Each structure stands twice: as C-alpha cells, then as structure tokens.
Amino acid sequence: MRRVGVIVALGALLGLFGGVVTASPALADGRGGGWQVVPQPPTVTVDPVFCGFEIQGTLLVGKEFVKALKTADGSMALLVTGTLKASLTNPANGKTITANLSGPAKEIFFPDGSATFPETGHQFALLTPADQARFGLPGFFVSAGALTIAVAPDGTITSLSLNGHVLVDVCAALS
C-alpha cells in the first residue's frame, strides 16, 4: 500500500474524512493563534481490506482545527483538536453505529518521510490484515487512551502501542 494510503488509513484524524490544511485563517472561527479549520467532505468510503466489507462514513460533526508547527530538525508537527463525529454504515446489511473520533491528535512528519502519530482521547485506526495479526487488534477500531503509531517512509507500520482500550471494534459491530 502506498505511504499516503497508509497514513490516511492510520487515523490521523485528518485522514478519515480526507481533510487538508487549506482553510484560510479567517475560517478558524475566532480560534486564532495559527489554528485553521480542517475541511471535510460529508462522506467517505472505507476500503473492504480493513473489515472484509465496505464501510460508508458520514460526517455528523466536523469542527476540527489544526495547527502546523515546524521543528528545528525540519520535521512538521500537526496538532489536531476539536470535534469529529461520524456515523459508520455497512451498506450490505444496513447496520450503523455512531462514533466519536475527536482525538486530540498529533501528527509528526519527519524529513526522511517517516511519521509518528501520538494520539489521545477517542480516535480510530485502520489496520491491514497483516497488521491486525501482528498487533492483535481489529481492522477498524475506535480506542480511548494513548495510541501511538510509527510509520516508515515506505508506509509500513514500524510500531503501534495502545495504552488504553478498544472502545468499539467497528468491523464486529457492523458485520
């Protein structure tokens, strides 16, 4: 899988709804201090590779903000905060759940192309079948507590630690 695809799949909260940091600072809802709104489309389709079936995500609340910081070593850190809630539906059987995916999160992109995603609060992760087996976690889950994922420049997950718990196994809930 390509690096960009894996990064999106990992759960950088920006990734679930494909948000990008392009909003004008004036859109930051008075937040100021370099924070920008994370624009998000109303729906996204999660690839069947993660659960064995397609999942349709529908944005319910998308009021997230991001702040970009450049570090001395040339890394880029994105701080993400705010509210992100979605309904997740298996279109094959009509089952739907609602998920709070608000984080907060940090995304650190290093000059060599690797990245680290230290997240806290409620966040989601998407894991390929190989990574599910390696880490003993579901293909698509929402967790609470500290979740840290490190990704190599080629997009492979080099480490994953969950110091919290899985709130929802989305694959099981929607199957």
Over the heavy atoms of Leu60, what accessible area does a 1.4 Å probe trace out, to the nearest 10 Å²? 100 Å²
Net length gained if the chain between Thr43 and Lys70 were fully extended (0.36 nm per residue, minus Cα distance): 6.6 nm
Might you report the magnitude of the Cβ-based charge dipole of the stretch 36-175 about its Cα centre, with Lys and Arg at +1 and Asp and Glu at -1, to the nearest 20 debye? 380 debye
What ranking, highest mean first, results for peptides 70-78, 133-141 when packing means the other Cβ atoms within 10 Å averaged over each residue? 133-141, 70-78
Counting only protein heavy atoms, what percent of the accessible surface of the stretch 126-175 is carbon or sulfur at a 1.4 Å probe? 59 percent
Could you run the Karplus curve 6.51 cos²θ - 1.76 cosθ + 1.60 with θ = phi - 60° over the stretch 119-131 and give me ³J(HN,Hα) per residue in whole Hz, x for Gly and Pro? 10, 9, x, 9, 8, 10, 9, 10, 10, 5, x, 5, 6
Express in nm, to one decimal, how much length is gained between Ser161 and Gln56 on full extension, taking 0.36 nm for each residue of separation and deducting their alpha carbon distance. 35.1 nm
Taking only the Cα atoms of the stretch 105-175, how large is their convex hull per residue, in Å³? 77 Å³
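The values are calculated or read from the model by the stated rules, or taken from the named source; none is laboratory data. This is a predicted model, so every value here is computed, not measured. A quick note on method: Cβ atoms are made from the backbone with ideal geometry, for glycine too, and the neighbour counts reach across all protein chains shown. Quick note on the areas: whole protein, heavy atoms, side chains included, nothing else; ligands and nucleic acids left out. Shrake-Rupley method; radii C 1.70, N 1.55, O 1.52, S 1.80 Å.
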